[in-house]
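Structure first, commentary second.
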Amino acid sequence: MPIEIKMPALSPTMEEGTLAKWLVKEGDSVKSGDIMAEIETDKATMEFEAVDEGTVARIVIAEGTDNVKVGTVIMTLAAEGEDASAAPAAPATKDDSPSPDAKADERKPADTVEDSAHPAQEKVDTGVRQMFEAAGHTAEITDPQVPEGTEMVKTTVREALRDAMAEEMRADDRVFVMGEEVAQYQGAYKVTQGLLDEFGDRRVIDTPITEYGFAGVGTGAAMGGLRPIVEFMTFNFAMQAIDHIINSAAKTNYMSGGQMRCPIVFRGPNGAASRVGAQHSQNYGPWYASVPGLIVIAPYDAADAKGLLKAAIRSGDPVVFLENELLYGRSFDVPKVDDWVLPIGKARIMKPGKDVTIVSYSIGVGLSLEAADKLADEGIDAEVIDLRTLRPLDTKAVLKSLAKTNRLVVVEEAWATCSIASEIAAVVMEEGFDDLDAPVLRVTNEDVPLPYAANLEKLALIDSARIVAAVKKVCYR
Amino acid sequence: MAKAPARAIADPPIPNRERPGEPLPFEATKEQLLDFYKQMLLIRRFEEKAGQLYGLGLIGGFCHLYIGQEAVAVGLQSALDGDKDSVITGYRDHGHMLAYGIDPQVIMAELTGRAAGISKGKGGSMHMFSTEKRFYGGHGIVGAQVSLGAGLAFKHKYSGDGGVCMAYFGDGAANQGQVYEAFNMAELWKLPIIFVIENNQYAMGTSVNRASAEDQLYRRGESFRIPGIQVDGMDVLACRGAAETALEWVRAGKGPVILEMKTYRYRGHSMSDPAKYRSREEVQAVRDKSDPIEHVKQLLAAQGVKEEDLKTVEQAIRKTVNEAADFAESTPEPDPAELYTDVLVETY
């Protein structure tokens, strides 16, 4: 039997990719280590090496095919002693007649590609995968800023963030971006893709691996009058720089009696990523949100990512902008308007409802929307609120919704202790007690460092089933 | 086999790059010298008064005095271009502010926590700023000002304003990791910055030798290719001369330079430090032999300035300081509403 070579997963969240180029042809013999193909993920073009030795029997997926699912058979390899020509040698050129699967894929928009007839590689069922998949949930943009009939463009969160930076950099020469791998590498997560080409190395600056130092350089530049965007490869690494974020950036305006402004944006991915273990999986929202002098933003979808990042760059205050790696590749509608800027500090009703309020932010919003769907099947009409900004918190929006539904569940991909969820619960106790028909419940991660093992990771992270259970509890169902 | 003849003298080490020349003492006119004298004396009398007010309970918290180190701030800052250069320092900041010509009254009023203080009474001794004078603080976290200063230098370069940042820090801060992160980026990007290490011999109670593997701090930039110069920080003319050499280097686009200013603080680390880690004799010996103000006084005498003229200067300075203290004691505390202002710039 020839060996089936399958589309590899080249990043923790990769679901599909483009088979950009074959570097071998049928009949070639390959040995371990030979580069057989170039595969494009949403982040990068990767080389795909042979592991087994043999002769290329059949190229199943033609080069240039987009949206090839991870696990799809892309070629077969005849092992030594096998007859490579025995395998059916269907022509495999893109223009001609690619394999049925590839052709089927081509006709479908990226978001709706189904699993091919080939059994996909066994998906490891992890907590992160659930969160990632729930992020397919979208809500209508109901912000008043969108005029009737505005065209919507499907945009990934990654592109939305990039567009926000590019637009603000075009408008204001004081804006620049610095961080590890932001320039020549085009961003560790490709969020700064293309910025170096457009703005040059004066304004798109690769730093050494030196978080404390460059956070200080950025903060000092902001104090001097520039508008830096400091990218942390992840907010886990910003722990090295937290002194400058809090002691230097957040406090100086106050300590100087309003003389020393610090208009800086610290941004990067935050929260649990996939199977990267405890040091790379943490939500710093509650940490930064406890500090006066900071603005803390944690968007869910692409429209908010763009509109709020633009607002953050324009703000005269230091902003911590918490993105989510799992959401970078997700596509959402973004209004096609000249200058899409959203107000900081305003929550958004993602789905109106009357029976219960589910409050969340960042990746928890997708899970909350998924839970709301399930609850609808059981006759519970949940209202889902995305906080979007964690400091200042839009407590008015939460209290207003509570006054309508009288029941509240807070969903947060973070630890429960000293969380945003705890803060919301406290605010509701102080200001919304009379509206409560049930205690506020928190759905948060388990109180442990995030484990690596897939099953344990799943147990540790929030999911929609837990949200459904909590909602039922506050509804006494 | 015959032995190769031993060389009488080893070849001098080959420098891996150009270095700035050895600075020369500044040749001051009588007027300039008198001006240095006035500035240094103002700092000394101001700090003595601050110490007094602290003892009376009018100044709270930490209060780090600059007495003994006056020549450093006065000598270095006299060489800066006030229209474009910037200064940043740590928590021992009163002297740098006075040397920058900031009104003693608003500094003293900040020390007493009054609304008229330069930070509206919300910063205190360690957190004072004057963006108008390009004095960027006043930072309480040891070493933070070094990275921040590199950021100010980044701004000078980015906007091409021709300015240079002078970032002061002590021998204690010189052991902080972020200092070396800043050194690396500053040289890598050829930022216009002068790193000034005010080596007053003690990081709080720990002497340089007890804390630093390389106690010749001017060499601390070597592995980043940043040249360093050791300067007599008790001699205002040496300080000014070194500043000119450093500025020439930095303004020529050659990147950062380190000045290690060998100086000495007469008082404790802060007002609450009994300074048991050194002997009274050690302090007295420095006062007797190397006092920066006495030194200038002698130079002035040699230039024919009369004792009574210096007395007049002294009286005027005492008057200024007393007025600052009176103002700082009598001007009101901040309005309670000030508690909530200046947290954020914008309204959300």
Inset, instruction - Working carefully through the options A:Ala465, A:Ala454, find the one that is touching a helix residue (DSSP H, G or I) at 6+ places or on another chain (Cβ under 9 Å) and at pLDDT below 95. - result: A:Ala454
Inset, instruction - Give the residues of segment A:398-445 that are touching a Gly at 6+ places or on another chain (Cβ under 7 Å), part of a helix (DSSP H, G or I) and under 15 Å from A:Asp386 (Cβ atoms), sorted by residue number. - result: A:Ile420
Inset, instruction - Considering only segment B:327-348, state which residues are out of contact with any helix residue (DSSP H, G or I) (no Cβ under 9 Å at 6 or more places or on another chain) and either of a type in the set (Lys, Arg) or assigned to a helix (DSSP H, G or I) (or both). - result: B:Ser330, B:Pro336, B:Ala337, B:Glu338, B:Leu339, B:Tyr340
Legend entry - Every pair of residues 6+ apart whose Cβ atoms lie under 8 Å, when the first sits in segment A:30-53 and is in a strand (DSSP E or B) while the second is of a type in the set (Phe, Trp, Tyr) and surrounded by 15 or more Cβ atoms within 10 Å (Cβ to Cβ): A:Ile35/A:Phe48; A:Met36/A:Trp22; A:Met36/A:Phe48; A:Ala37/A:Trp22; A:Ala37/A:Phe48; A:Glu38/A:Phe48; A:Ile39/A:Phe48
Legend entry - Output for segment A:254-287, where each listed residue is within 14 Å of another protein chain (Cβ to nearest Cβ), surrounded by 24 or more Cβ atoms within 10 Å (Cβ to Cβ) and not in a loop (DSSP other than H, G, I, E, B): A:Met255, A:Val265, A:Phe266
Inset, instruction - Assess whether A:Lys346 counts as being at pLDDT 95 or above, within 14 Å of chain B (Cβ to nearest Cβ) and assigned to a loop (DSSP other than H, G, I, E, B). - result: yes
Legend entry - Odd one out for B:Ala285, checked against (1) surrounded by 12 or more Cβ atoms within 10 Å (Cβ to Cβ); (2) under 23 Å from the mean Cα position of the chain (by Cα); (3) in contact (Cβ under 8 Å) with a residue 24 or more places away in the chain: (3)
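To keep it simple, each residue is scored yes or no on (1) at pLDDT 95 or above; (2) of a type outside the set (D, E, K, R).
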residue: A:Gln279; (1), (2): no, yes
residue: A:Ala289; (1), (2): yes, yes
residue: A:Ala303; (1), (2): yes, yes
residue: A:Ala311; (1), (2): yes, yes
residue: A:Arg314; (1), (2): yes, no
residue: A:Asp317; (1), (2): yes, no
Inset, instruction - Take B:Phe154 and decide whether it is within 9 Å of chain A (Cβ to nearest Cβ), surrounded by 22 or more Cβ atoms within 10 Å (Cβ to Cβ) and modelled with pLDDT of 95 or more. - result: yes
Inset, instruction - Look through A:Thr389, A:Thr395 and report the one residue that is within 21 Å of A:Glu423 (Cβ to Cβ) and within 22 Å of the chain's Cα centre (by Cα). - result: A:Thr389
Inset, instruction - Could you pull out the residue among A:Phe321, A:Phe332 that is under 16 Å from the mean Cα position of the chain (by Cα) and over 28 Å from A:His244 (Cα atoms)? - result: A:Phe332
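Filter segment B:75-99 for residues that are within 14 Å of chain A (Cβ to nearest Cβ) and in a loop (DSSP other than H, G, I, E, B); which is surrounded by the most Cβ atoms within 10 Å (Cβ to Cβ)? Walk me through how you get there before you give the answer.
Of all residues in segment B:75-99, those within 14 Å of chain A (Cβ to nearest Cβ) come to B:84-91, B:93, B:97.
Okay, now just the ones that are also in a loop (DSSP other than H, G, I, E, B), so B:84-85, B:90-91, B:93.
Values: B:Lys84: 12, B:Asp85: 23, B:Gly90: 25, B:Tyr91: 22, B:Asp93: 27.
Per the criteria, the residue is B:Asp93.
Report, by residue number, each residue of segment B:119-129 that is facing chain A (nearest Cβ under 7 Å) and crowded, with 23+ Cβ neighbours inside 10 Å. Spell out how you get there, then give the answer.
Taking segment B:119-129 as the starting set, the residues that turn out to be facing chain A (nearest Cβ under 7 Å) are B:119-120, B:122-123, B:127, B:129.
If the condition is that a residue be facing chain A (nearest Cβ under 7 Å) and crowded, with 23+ Cβ neighbours inside 10 Å, then B:Ser119, B:Lys120, B:Gly123, B:His127, B:Phe129 are the ones that fit.
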Inset, instruction - Answer yes or no: is there a residue in segment B:173-189 that is under 19 Å from A:Gly224 (Cβ atoms), among the hydroxyl-bearing types (Ser, Thr, Tyr) and modelled with pLDDT of 95 or more. - result: no
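In the set A:Val191, A:Val230, which member is part of a loop (DSSP other than H, G, I, E, B) and either more than 7 Å from chain B (Cβ to nearest Cβ) or closer than 26 Å to A:Ile420 by Cβ (or both)?
Details: A:Val230 fails: part of a loop (DSSP other than H, G, I, E, B).
Going through A:Val191, A:Val230 in turn, the sole match is A:Val191.
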Inset, instruction - Check A:Ala183, A:Ala215 and return the single one that is within 14 Å of another protein chain (Cβ to nearest Cβ) and within 30 Å of B:Met128 (Cα to Cα). - result: A:Ala215
Inset, instruction - Please enumerate the residues belonging to segment B:189-227 that are within 14 Å of another protein chain (Cβ to nearest Cβ) and either of a type in the set (Phe, Trp, Tyr) or free of Cβ contacts under 8 Å to residues at least 12 places away in the same chain (or both). - result: B:Trp189, B:Phe195, B:Ser223, B:Phe224
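Counting just the residues of segment A:194-212 that are among the acidic types (Asp, Glu), within 14 Å of chain B (Cβ to nearest Cβ) and not in a strand (DSSP E or B), which one comes out surrounded by the fewest Cβ atoms within 10 Å (Cβ to Cβ)? Step through it out loud before you land on a result.
First, pick out the residues of segment A:194-212 that are among the acidic types (Asp, Glu): A:197-198, A:201, A:206, A:211.
Restricting the remaining residues to those that are within 14 Å of chain B (Cβ to nearest Cβ) gives A:201, A:206, A:211.
Narrowing the set further to residues that are not in a strand (DSSP E or B) leaves A:201, A:211.
Values: A:Asp201: 10, A:Glu211: 23.
Per the criteria, the residue is A:Asp201.
Could you say which residue among A:Val359, A:Val384, A:Val341 is out of contact with any Lys or Arg (no Cβ under 7 Å at 6 or more places or on another chain) and of a type outside the set (Lys, Arg)?
A:Val359
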Inset, instruction - Out of A:Glu412, A:Glu430, report the one residue that is acidic (Asp, Glu), modelled with pLDDT of 95 or more and over 29 Å from the mean Cα position of the chain (by Cα). - result: A:Glu430
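Quick one: is B:Ser147 of a type in the set (Ser, Thr, Tyr), more than 7 Å from chain A (Cβ to nearest Cβ), touching a residue at least 24 places away in the same chain (Cβ under 8 Å) and under 19 Å from A:Lys251 (Cβ atoms)? Please lay out each step first, then the result.
Details: of a type in the set (Ser, Thr, Tyr): yes; more than 7 Å from chain A (Cβ to nearest Cβ): no; touching a residue at least 24 places away in the same chain (Cβ under 8 Å): yes; under 19 Å from A:Lys251 (Cβ atoms): yes.
So B:Ser147 does not fit the description; no.
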Legend entry - Residue that is farthest from A:Met223 (Cα to Cα), among those in segment B:100-110 that are assigned to a helix (DSSP H, G or I) and within 14 Å of chain A (Cβ to nearest Cβ): B:Ala109
Legend entry - Hits in segment A:380-406 (condition: free of Cβ contacts under 8 Å to residues at least 40 places away in the same chain and either crowded, with 20+ Cβ neighbours inside 10 Å or closer than 16 Å to A:Ser368 by Cα (or both)): A:Asp381, A:Glu383, A:Ile385
Legend entry - Single unsatisfied condition, A:His137 versus (1) buried (at least 23 other Cβ atoms within 10 Å of the Cβ); (2) part of a loop (DSSP other than H, G, I, E, B); (3) within 12 Å of chain B (Cβ to nearest Cβ); (4) not charged (D, E, K, R): (3)
Inset, instruction - Would you check if there is a residue in segment A:324-339 being among the acidic types (Asp, Glu), buried (at least 21 other Cβ atoms within 10 Å of the Cβ) and assigned to a loop (DSSP other than H, G, I, E, B)? - result: no
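For A:Met239, are the conditions met, namely being assigned to a helix (DSSP H, G or I), away from chain B (no Cβ under 13 Å) and at pLDDT 95 or above?
Numbers: assigned to a helix (DSSP H, G or I): yes; away from chain B (no Cβ under 13 Å): yes; at pLDDT 95 or above: yes.
In short, yes.
Residues checked against (1) assigned to a helix (DSSP H, G or I); (2) in contact with a strand residue (DSSP E or B) (Cβ under 8 Å, 6 or more places away or on another chain); (3) under 23 Å from B:Gln77 (Cα atoms); (4) among the basic types (Lys, Arg):
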{"position": "B:Val146", "(1), (2), (3), (4)": "yes, yes, yes, no"}
{"position": "B:Glu187", "(1), (2), (3), (4)": "yes, no, yes, no"}
{"position": "B:Lys190", "(1), (2), (3), (4)": "no, no, yes, yes"}
{"position": "B:Glu198", "(1), (2), (3), (4)": "no, yes, yes, no"}
{"position": "B:Asp215", "(1), (2), (3), (4)": "no, no, no, no"}
{"position": "B:Gln230", "(1), (2), (3), (4)": "no, yes, yes, no"}
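The values are calculated or read from the model by the stated rules, or taken from the named source; none is laboratory data. Since this is a predicted model, take the numbers as computed values, not measurements. In this analysis, Cβ positions are derived from the backbone assuming ideal geometry, glycine residues included, and neighbour counts consider all displayed protein chains.
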